[in-house]
Amino acid sequence: MKKLLVGSILLSLSFTMGACDQGEEKNAENSKEETAVKPEKKTNERELNKKFESQQIQDEQKDLRAYATKVEVERKAKELAEQKVKEEAEAKRQVEIAEEQRIAAEQAEQKKEAESPVSQETIDNYEANQAETWAEEAESEEELNKEEEERLAKEQAEQEAYEAQIIAEQDANFSDEAKEQIQKEIDEEGYSQTSYYCDQVMTAVQRGDMTKEEAGGCLK
C-alpha cells in the first residue's frame, strides 16, 4: 500500500514538472516573439515620424514661399504707388515752374514796354500800318468770297444744265406710263426708283447693250 502511494506521488510530480517545463518553453517562445515584434514596431514608428517631419518641413517651406511671394508683390505694389506719387509731384512741379517762368517773362515784357519811351510818331506809324494791314486783309477776303461765289454759281449752273439735259432725254425717250409712275413716286416719296431704273435701261440701249424690246415699259 505504501509503495502504491509513493508511486502515485512520484507520477504526479513527474507530470507537474513536465507541465512546468512546457510552460517555461512556451513563455520563452512568446518572449522571443515579443522581442522580435518590438524592433519592427519601433522601426515603423521611426519611419512614420520621419514622414511626418518631412511633410511638416514641406508644408513650412510651402508657407514660406507663399509668404515670400506675398511680401514681394506688396513691395512692388508699394514701389509702384510711391513712383506714381513721385511722378505726379514732379509733373505738378514742372507745370508750376513753367507757369512761374511765363508770368515772370510776361511781367518783364510789360516792365520793358513801360520803361521804353514811345514817341507819337511811332504810335502814328503803327496805327497806319495796322489800318493798311486790315484793309489788305478785307480786300483779300472779299476777293476770296467773290471767287467762291463764282465757283458755286458755276457749279449750280452746270448742275441745272445737266438736270435739264437728263429731263429732256427722259421726256424724249421714256414712255408715258414710265413718266406717270415716276411723277407718282416723286409726289409720294420725294424720289423715284423707277426714274433711276429707266435711266439705266436708257443708257444700256444707247450703248447697244440692250434693245428697246428688252427694255420693258421704260422706253417709247
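The values are calculated or read from the model by the stated rules, or taken from the named source; none is laboratory data. Just so you know, these numbers come straight off a predicted model, no measurement behind them. Here the Cβ is made from the backbone with ideal geometry for all residues, glycine too, and neighbour counts use every protein chain on show. Heads up: the accessible areas ignore ligands, DNA and RNA and are worked out on the full protein's heavy atoms, side chains in. Shrake-Rupley method; radii C 1.70, N 1.55, O 1.52, S 1.80 Å.
Can you name the residue in the range 152-193 that is touching a strand residue (DSSP E or B) at 6+ places or on another chain (Cβ under 9 Å) and in a helix (DSSP H, G or I) and, of all such residues, is nearest to M210 (Cα to Cα)?
Ranking the qualifying residues of the range 152-193, first place goes to N173.
Just to check your reading of the model, which residue among E79, E139, E72 is modelled with pLDDT under 90 and either open to solvent by 100 Å² or more (accessible area, probe 1.4 Å) or under 30 Å from T203 (Cβ atoms) (or both)?
That would be E139, the only listed residue that is modelled with pLDDT under 90 and either open to solvent by 100 Å² or more (accessible area, probe 1.4 Å) or under 30 Å from T203 (Cβ atoms) (or both).
Condition check ((1) loosely packed, with under 10 Cβ neighbours inside 10 Å; (2) closer than 21 Å to C218 by Cβ) across all residues:
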position: E121; (1), (2): yes, no
position: N129; (1), (2): no, no
position: T133; (1), (2): no, no
position: E147; (1), (2): no, no
position: E160; (1), (2): no, no
position: A168; (1), (2): no, yes
position: E180; (1), (2): no, yes
position: Y191; (1), (2): no, yes
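Any residue in the range 189-209 that is of a type outside the set (K, R) sitting within a Cβ distance under 9 Å of a residue that is open to solvent by 60 Å² or more (accessible area, probe 1.4 Å) and not in a helix (DSSP H, G or I)? List the pairs, counting only those 6 or more apart or interchain.
Filtered contacts from the range 189-209: T203/D209; V205/T211.
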